[in-house]
Ligand SMILES: NC(=O)c1ccc[n+]([C@@H]2O[C@H](COP(=O)([O-])OP(=O)(O)OC[C@H]3O[C@@H](n4cnc5c(N)ncnc54)[C@H](O)[C@@H]3O)[C@@H](O)[C@H]2O)c1
């Protein structure tokens, strides 16, 4: 039995970082890609680089905007086979005792509620697909505790529950749901994390980088393309029996900090 390869892909927060790498990888694999992002200028730059990719400006925390965006994506793609729930924000670094409650709400609104809203709107479209698949972007912080990042870690653990629940709800409709858990991904976001650690520890940036690598078995940080390759695999027919799984891509990291 064969099913067609997925080819209509919606990626949230697809204009930068990991989402951009995933979108370009799907496009290179022959898929039709629609990327949404809060940053319109970054979407313009993505379209200039990959003219086949269609885009929508959308804040994932805005329910009405998300519902409109999913309709726009399905119309632009002519349906939907794959949803990549990539959008997620880090929030501030602070202990639970001192964490700004507004910042807590903001992280939950994007990472948890945003993912829920996109997924809820996408399910009716995915049910029409012969190869429906959802990928949820969790984190190393969804496998370990992460001191001073309680909102982030809480949402990334929450997304594991969401993934496993969705997998059970949607399996009968032929839709697979898996979570990817990146570790330290090379790029500006992780550099900021290292700078933040150096500013509080009194160590140099190089010392913080060495400490971060000492936490891993594989002695290099993750390339966004490594994550994109796994996303393309998980959405492919080769992964047709894989659902409800969590896939760490973190060089065998032993903690989240
Ligand atoms: N970078 C890492 O080291 C790392 C590690 C583990 C997990 N992750 C997860 O991977 C995902 C992508 O991370 P990244 O580092 O590529 O992110 P990033 O900070 O580089 O941002 C990627 C994109 O998200 C967009 N964005 C931000 N807020 C948005 C919103 N409210 N609505 C729509 N778009 C929004 C930005 O404009 C940007 O284009 C996130 O869920 C993140 O938690 C990242």
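Nothing in this text is a laboratory measurement; each read-out follows from the coordinates by a stated rule. Keep in mind that what you see is a predicted model, and the values were worked out from it rather than measured. For neighbour counting, all protein chains shown are included, and Cβ atoms are generated from backbone atoms with ideal geometry for every residue, glycine included.
Data for the structure
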read-out: Listed peptides 17-29, 109-121, 194-206 by packing density, highest first (mean Cβ within 10 Å); value: 17-29, 109-121, 194-206
read-out: Stretchable slack from residue 144 to residue 45, in nm (0.36 nm times residue separation minus alpha-carbon distance); value: 32.1 nm
read-out: Between segment 61-110 and segment 210-257, the Cα center-to-center distance that results, in Å; value: 22
read-out: Choice from 153, 95, 139 showing the highest fluctuation, given a GNM over the chain with Cα pairs closer than 10 Å; value: 95
read-out: Quotient of C-alpha Rg and 2.2 N^0.38 Å, computed over segment 5-80; value: 0.98
read-out: Histogram of C-alpha separations across the chain, 10 Å bin width, %; value: 7, 31, 37, 19, 5, 0
read-out: Two-site label geometry, residue 203 and residue 219: point separation in nm, points 7 Å out along Cα→Cβ; value: 1.6
read-out: Cα-projected label distance for residue 189 with residue 105, points at 7 Å along beta-carbon direction, nm; value: 2.4
read-out: Dimensionless Rg over Rh [segment 64-107; C-alpha; Kirkwood]; value: 1.23
read-out: For segment 144-247: relative contact order, % (alpha-carbon pairs under 8 angstrom, 6 or more apart); value: 39
read-out: For segment 125-257, diffusion coefficient by Stokes-Einstein and Kirkwood Rh (Cα), 37 °C, 0.692 mPa s, µm²/s; value: 206
read-out: The chain, relative contact order in percent, only Cα pairs under 8 angstrom and at least six apart counted; value: 21
read-out: Viscosity 0.692 mPa s, temperature 37 °C, Stokes-Einstein D of segment 1-138 from Kirkwood C-alpha radius, µm²/s; value: 215
